[in-house]
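Student: First the structure, which I've put down as structure tokens, then a few questions once you've had a look.
The values are calculated or read from the model by the stated rules, or taken from the named source; none is laboratory data. Just so it is clear, the model here is predicted, and its values are computed rather than measured. Cβ placement follows ideal geometry from the backbone for every residue including glycine, while neighbour counts extend to all protein chains displayed.
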Amino acid sequence: MTTLIYDGTFEGLLTAVFEIYERKLIHVKMLKGEWRSSALFEDVIKVITDQTKSRRVLKGLKERLSTEGVQRVYVAHLSEIDNCEQTLIGYIRHAFDSDRNIEEDYGNKFVLKLSEIVQMVRRERHRMEAFVRFQKLSDGTFYATVDPDFNVLPLLIKHFKDRYADQKWIIYDLKRKYGIYYDLNTVEYMEIDFSRSNQGGKASIHCEDKGIYQHLWKNYFNSVNIPARKNMKLHLRHIPHRYWKHLTEKI
Amino acid sequence: MDAVRITEKLNILADAAKYDVSCASSGSKRKNENKGLGNASNGICHSYTEDGRCVSLLKILLTNHCIFDCAYCVSRKSNDIKRAGFTVQEVVDLTINFYRRNYIEGLFLSSGIFKDADFTMERLVRVAKKLRTEHNFNGYIHLKSIPGTSDELMREAGLYADRLSINLEMPTEEGLKLLAPDKNRQDMIQPMRYLKQEIIQNTEEKKLFKKAPIFAPAGQSTQMIVGATNESDQQVLNSANYFYQNFNLKRVYYSGYVPVLMDKRLPGLNTAVPMVRENRLYQADWLMRFYGFRVNEIVNETQPLLDLDIDPKLSWAIRNMQTFPIDINKAALQLILRVPGIGVLSAQKIVSARKFRKLTWENLKALGVAINRAKYFITCNSNIFEKRDLVGTSIKQFILAESQSKYLKNAQQQLSLF
């Protein structure tokens with residue numbers, strides 16, 4: 001068993017695949033994070049992310065998978081769930097070692113597992129498309145905070161850019177401490193250092209219309225309920241508790 | 001803006017609109033090409049009410065003043081309730097500001113009939129026109145068509161709206177006569193027929209000229225109230241099927257009657273909402289639209305009512321045991337779709353996966369098949385399968401004994417005779 005330590009990026013993962021084939025490794029274990037003392041491990045390789053190597057692996061993947069298939073590998077990587085790398089490495093090796101396209105080989109455990117992870121990540125992305133709630137700041141920018149289960153911000157850019165083309169907006173991931181910002185032309189990644197922002201900074205969070213539309217939306221939400229049909233189990237299945245704190249109508 | 005007054009109007013006019021079940025915002029393909037606000041494509045449910053319904057659109061009435069007196073409707077003329085009306089600008093402002101905050105996919109606008117059909121419809125169209133032309137709004141707009149609207153107005157509505165709908169209200173004409181004496185079915189059908197032709201014509205034009213304007217791209221839908229009169233499920237589903245076939249409807253919605261008014265023609269105020277029946281009707285509707293079932297396979301002269309204990313697919317399967325068991329590794333997709341416990345996605349995955357290897361029970365389970373139901377109807381790459389020659393009724397017993405219906409508050413203990 002060889003342990004590969006990589007930096008957690010998608011390029012790093014592809015570089016690891018390169019090393020596996022280069023060194024003809026059979027049994028591997030992936031670890032994310034910093035290189036610590038080597039004494040603990042018998043057989044450890046530190047993967048140094050390398051553009052040339054990762055591009056070669058990506059090129060190979062593109063030959064064996066459809067465009068959608070390559071995209072799915074990337075999406076699964078964004079899940080960041082424990083041992084996700086094991087599935088990804090298994091999937092990529094199955095793709096390279098097979099002489100035909102394996103995307104629909106659901107009898108293979110890696111293919112099935114990857115499709116489940118992709119489904120989970122895409123569900124979370126869809127939830128974010130639904131549950132983002134903007135507040136209008138005094139400078140006219142629309143601001144929202146989220147803390148999604150998976151790292152889905154990169155998957156949200158196109159949707160929000162297409163939809164809100166004529167307003168500036170920020171969506172900030174509180175858990176991963178970065179956001180995406182649209183300035184009417186392009187979307188860029190951003191970081192906000194909340195620890196250093198003073199009272200003046202916080203004041204800018206107040207919205208210009210005194211929250212009248214938040215108030216109207218809450219009223220609307222209560223008015224459309226039909227008490228005779230109440231079904232909290234179904235309600236919770238659609239909106240699990242953990243999302244409530246960001247939803248205007250549930251606060 | 002007078003916040004107090006607007007809040008009051010919104011409460012009244014949202015409350016009055018909530019019995020319209022349609023909240024779909026999908027099926028359109030309006031793009032944000034003018035760098036304006038919004039787009040409409042696959043539909044998003046932005047929130048859910050405590051009764052579990054999707055909140056996707058700002059669903060309101062322009063006004064609840066109405067000259068009609070339909071027995072089942074809260075806004076009927078003779079009902080003593082608070083009345084209110086929005087101005088065109090108020091609806092536009094609410095829509096835009098809700099949309100910018102990502103609360104909604106768009107607007108669902110309906111109205112009480114306050115003068116005549118065209119007068120009311122013209123006001124609805126004006127809202128849509130203003131959103132599209134003055135505010136560059138490309139979000140989803142669903143307009144309710146008022147029965148009896150002229151063709152010219154329907155045409156204008158189709159140019160601005162994504163979806164149009166007229167509620168049939170009652171599954172049968174007799175039911176409509178009894179409960180809504182001011183309405184007649186012909187007034188509902190005429191705008192539907194006009195729209196159907198316009199939509200077909202527009203699709204043809206689109207093929208020839210890419211720049212041709214889009215016309216009601218999300219098509220039309222309708223709604224029927226069930227449980228207000230004594231129609232059978234066969235009548236309901238036949239009626240739905242008729243409108244799917246003849247008017248190219250995208251959706252028929254079934255609304256279990258919520259008793260809101262005292263009227264000797266209606267079920268009493270303490271009658272429960274027929275939620276199980278409504279659910280079974282939707283399941284049957286799905287079977288017709290996605291599973292290749294014909295309406296008379298689901299309900300017919302000998303079987304005019306849907307079984308409330310089990311879903312209509314299982315019900316069909318146990319009446320047609322001669323079709324089963326089928327071999328999951330060989331059967332056609334159309335046949336796999338008919339197996340209880342296998343949905344559309346699982347069926348497609350089965351057909352894909354079996355090209356690589358013969359599938360076993362473990363594979364099927366991993367693919368998401370509900371084995372506890374499907375096992376009576378299929379064989380796969382395994383020596384283990386149901387060898388008893390079971391009759392349909394005993395399969396029903398077995399499945400009911402194993403599953404806990406979400407509708408049965410107190411699980412009934414039934415003696416198993418087998």
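Student: Can you find a residue in the range A:75-91 that is of a type in the set (Phe, Trp, Tyr) and buried (at least 16 other Cβ atoms within 10 Å of the Cβ)?
Tutor: Yes, there is a match, as at least one residue in the range A:75-91 is of a type in the set (Phe, Trp, Tyr) and buried (at least 16 other Cβ atoms within 10 Å of the Cβ).
Student: With the condition being touching an Asp or Glu at 6+ places or on another chain (Cβ under 6 Å) and either over 23 Å from residue A:116 (Cβ atoms) or away from chain A (no Cβ under 14 Å) (or both), I'd like the helices (runs of 4 or more DSSP H) fully within the range B:298-386 carrying at least 1 qualifying residues.
Tutor: Those helices (runs of 4 or more DSSP H) span B:312-319, B:371-374.
Student: How many residues, within the range B:98-117, are under 30 Å from residue A:161 (Cβ atoms), in contact (Cβ under 8 Å) with a residue 40 or more places away in the chain and assigned to a loop (DSSP other than H, G, I, E, B)?
Tutor: Residues in the range B:98-117 being under 30 Å from residue A:161 (Cβ atoms), in contact (Cβ under 8 Å) with a residue 40 or more places away in the chain and assigned to a loop (DSSP other than H, G, I, E, B): 4 in total.
Student: Give all pairs with beta carbons closer than 7 Å in which a residue from the range B:39-50 that is facing chain A (nearest Cβ under 7 Å) meets a residue that is in a strand (DSSP E or B) and surrounded by 18 or more Cβ atoms within 10 Å (Cβ to Cβ); count only pairs at least 6 apart in sequence or on separate chains.
Tutor: If the second residue must be in a strand (DSSP E or B) and surrounded by 18 or more Cβ atoms within 10 Å (Cβ to Cβ), the pairs left are B:39/B:30; B:45/B:54; B:45/B:55; B:46/B:55; B:47/B:55; B:48/B:54; B:48/B:55; B:49/B:55.
Student: Hey, another quick one. Condition test on residue A:57, is it closer than 28 Å to residue A:160 by Cβ, part of a helix (DSSP H, G or I) and outside the structural domain of residue A:250 (by TED's automatic domain parsing)?
Tutor: no
Student: Let me ask another. When only residues in the range A:95-143 that are touching a Leu at 6+ places or on another chain (Cβ under 9 Å) and aromatic (Phe, Trp, Tyr) count, which is nearest to residue B:367 (Cα to Cα)?
Tutor: Ranking the candidates gives A:106 first.
Student: Applying the selection to the range B:51-101, what residues are within 27 Å of the chain's Cα centre (by Cα), away from chain A (no Cβ under 11 Å) and among the aliphatic types (A, V, I, L, M)?
Tutor: Passing the criteria: B:61, B:62, B:71, B:74, B:91, B:92.
Student: For the range B:202-222, check the following and say yes or no: at least one residue is in the same structural domain as residue B:142 (by TED's automatic domain parsing), closer than 25 Å to residue B:17 by Cβ, part of a helix (DSSP H, G or I) and hydroxyl-bearing (Ser, Thr, Tyr).
Tutor: No: zero hits.
Student: Could you tell me how many of the residues in the range B:1-11 are surrounded by fewer than 21 Cβ atoms within 10 Å (Cβ to Cβ) and facing chain A (nearest Cβ under 8 Å)?
Tutor: Number satisfying all stated conditions: 5.
Student: Look at residue B:70 and say whether it is in a loop (DSSP other than H, G, I, E, B), at pLDDT below 90 and under 30 Å from residue B:278 (Cα atoms).
Tutor: Against the criterion (in a loop (DSSP other than H, G, I, E, B), at pLDDT below 90 and under 30 Å from residue B:278 (Cα atoms)), residue B:70 does not qualify.
Student: Answer yes or no as to whether residue A:52 is among the polar types (S, T, N, Q), over 30 Å from residue B:346 (Cβ atoms) and in contact (Cβ under 8 Å) with a residue 12 or more places away in the chain.
Tutor: no
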